[in-house]
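Colleague: Before I ask anything, let me first share the structure, which is written out below as structure tokens.
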Amino acid sequence: MVKFIFSVLKTSPPNWTVERQLGKILFGIEVENITISHLSTPFNMTFKHKSELQEKENTTCVYHNRSRGEWVTDGCHTLRLTNQTICSCDHFSFFALMIPDMKLSEVHARTLSVLTCVGGAISVFFCTITLLTHCLQHSRKSTDHAMLVHLQLVASLLLLNLLLLTSVGLAFVGPASMASGLCPAVAALLHYSLLCCFTWMGLEALHLYRLLVLVYNTYMRHYLLKLSLLGWGVPALVVSIVAAVSTDFYGLNNRMCWIKDSGVQYGSVVAYLIGVLLFNSTIFAIVITTMLKLRSVTSPQGKRQSRNITCSVLGLTCILGLTWGVGFFSMGYTNYVILYIFTILNSLQGFFLFLWLCVKRLRGAEQSSMTTGQSSSTHILSVGSEVWPSSGRTRQSVQEGAIADNTAKF
């Protein structure tokens with residue numbers, strides 16, 4: 001006797017996430033203790049829709065592949081009509097309807113995955129070179145706060161890319177990594193490292209504001225320690241809260257060890273990134289506005305200097321945060337051009353940061369050689385020290401000098 005089991009689920013199991021699932025209902029057809037596949041005559045399932053689907057809502061029939069832990073279309077053919085969808089499949093499983101325009105094609109998904117891994121490997125190499133170079137060259141020298149903030153961001157990018165490569169590698173192991181609990185652990189660490197990168201981008205903007213805008217009264221005790229507690233502590237708090245709610249949120253998701261629940265992704269990653277981008281954009285606007293005002297009243301030489309400062313801040317801010325905002329232009333539909341730009345720019349962020357730090361060192365060396373032999377009466381203003389202007393100098397002139405001098409740190 002053969003026993004057929006028909007199931008209708010209105011709520012997906014915790015580890016069965018269907019992005020852009022239509023109707024939020026799963027249909028299961030199974031035979032007890034028997035796996036039915038590769039039927040010579042496929043069976044049909046007809047899904048009728050209450051209203052006509054829009055062009056961008058063309059549906060696709062998918063089923064849950066338990067061995068791979070993801071939803072795929074293998075063995076199912078989709079026939080789309082005006083107000084209904086017919087699924088013709090050659091096997092029994094759990095089925096659902098999904099809006100395909102929100103899902104990457106297999107070719108593009110693999111290409112983007114390869115680009116991410118290659119870019120991540122390049123970033124790992126150059127982040128390592130950056131940290132080693134600094135340790136070898138400055139082992140016996142004091143380092144300014146600006147450089148230490150940059151190095152913290154480099155360290156977070158190194159951790160992120162290492163865990164990203166590990167996560168993709170564990171996905172190929174599949175069930176073995178899940179059974180050992182290694183995949184969920186790496187997913188949680190990847191979540192933590194990504195939030196660390198976002199946090200240090202925000203702290204870079206904060207430090208930039210203090211260095212180039214506040215000028216006066218910027219001294220703060222244990223300044224770098226406080227930044228470090230924020231940069232590494234806040235992400236740990238967020239991940240701890242997510243894990244405390246449920247450890248099932250972490251696991252195998254779309255060929256990598258990552259967050260399985262879309263709500264957790266939007267709440268703890270996307271919302272977090274939006275907050276950082278809004279903060280960075282505000283700081284960017286304030287800094288650029290301040291520089292443009294100073295540029296309008298400076299000498300021709302000062303104007304060239306202001307242009308250099310503006311370019312430096314623009315390059316720094318674009319590298320340390322604004323490129324992550326490119327992904328939001330693809331929300332609501334799949335734009336492959338934007339996705340490729342987003343993947344390339346952000347996977348190579350460690351490499352771009354390495355190049356920027358090299359240019360920074362060269363410009364600092366040039367500035368040092370230009371100021372050799374000149375009067376040492378110029379007042380230096382930097383974060384962590386407070387120097388008041390001499391008599392007869394206006395606040396604006398001191399601020400201009402401070403911005404020019406502090407640009408060497410950026």
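Colleague: Looking at (1) in a loop (DSSP other than H, G, I, E, B); (2) at pLDDT 80 or above, which is the one condition that is false for ASN44?
Modeller: Answer for ASN44: the failing condition is (1).
Colleague: Can you work out which of the residues in region 73-104 that are charged (D, E, K, R) and under 19 Å from THR35 (Cβ atoms) is modelled with the lowest pLDDT? Steps first, please.
Modeller: Start the filter on region 73-104 by keeping residues that are charged (D, E, K, R), which leaves 74, 80, 90, 101, 103.
Subsequent filtering for residues that are under 19 Å from THR35 (Cβ atoms) retains 74, 90.
Values: ASP74: 79, ASP90: 86.
Once the filter is applied, the top-ranked residue is ASP74.
Colleague: Scan region 122-141 residue by residue and report those that are farther than 19 Å from TRP324 by Cα and either at pLDDT 70 or above or acidic (Asp, Glu) (or both). Write out each step before concluding.
Modeller: Within region 122-141, the subset farther than 19 Å from TRP324 by Cα is 125-126, 128-141.
Hits for region 122-141 are PHE125, PHE126, THR128, ILE129, THR130, LEU131, LEU132, THR133, HIS134, CYS135, LEU136, GLN137.
Colleague: If only one of GLU19, GLU70, GLU30 is modelled with pLDDT under 80 and surrounded by fewer than 16 Cβ atoms within 10 Å (Cβ to Cβ), which one is it?
Modeller: Step by step, each of GLU19, GLU70, GLU30 is checked, and only GLU19 is modelled with pLDDT under 80 and surrounded by fewer than 16 Cβ atoms within 10 Å (Cβ to Cβ).
Colleague: If you check LEU211 against the conditions, is it more than 19 Å from the chain's Cα centre (by Cα) and within 25 Å of ILE286 (Cβ to Cβ)? So that I can check it myself, show each step before the final result.
Modeller: Numbers: more than 19 Å from the chain's Cα centre (by Cα): yes; within 25 Å of ILE286 (Cβ to Cβ): yes.
Yes, satisfied.
The rows are residues; the columns are (1) within 17 Å of the chain's Cα centre (by Cα); (2) charged (D, E, K, R); (3) at pLDDT 90 or above.
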position: LYS226; (1), (2), (3): no, yes, yes
position: ASN280; (1), (2), (3): yes, no, no
position: THR290; (1), (2), (3): no, no, no
position: GLN301; (1), (2), (3): no, no, no
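Colleague: Taking the criterion of being out of contact with any Asp or Glu (no Cβ under 9 Å at 6 or more places or on another chain), closer than 20 Å to ASN253 by Cβ and either buried (at least 16 other Cβ atoms within 10 Å of the Cβ) or at pLDDT below 80 (or both), would at least one residue in region 198-213 satisfy it? Give the derivation first.
Modeller: Within region 198-213, the subset out of contact with any Asp or Glu (no Cβ under 9 Å at 6 or more places or on another chain) is 198-213.
Pick out the ones that are also closer than 20 Å to ASN253 by Cβ and you get 198.
With the extra rule that they be either buried (at least 16 other Cβ atoms within 10 Å of the Cβ) or at pLDDT below 80 (or both), the set shrinks to 198.
Scanning region 198-213 turns up at least one residue that is out of contact with any Asp or Glu (no Cβ under 9 Å at 6 or more places or on another chain), closer than 20 Å to ASN253 by Cβ and either buried (at least 16 other Cβ atoms within 10 Å of the Cβ) or at pLDDT below 80 (or both).
The values are calculated or read from the model by the stated rules, or taken from the named source; none is laboratory data. Keep in mind it's a predicted model, so treat the numbers as computed, not measured. As a convention, Cβ positions derive from the backbone with ideal geometry for all residues, glycine included, and neighbour counts pool all protein chains shown.
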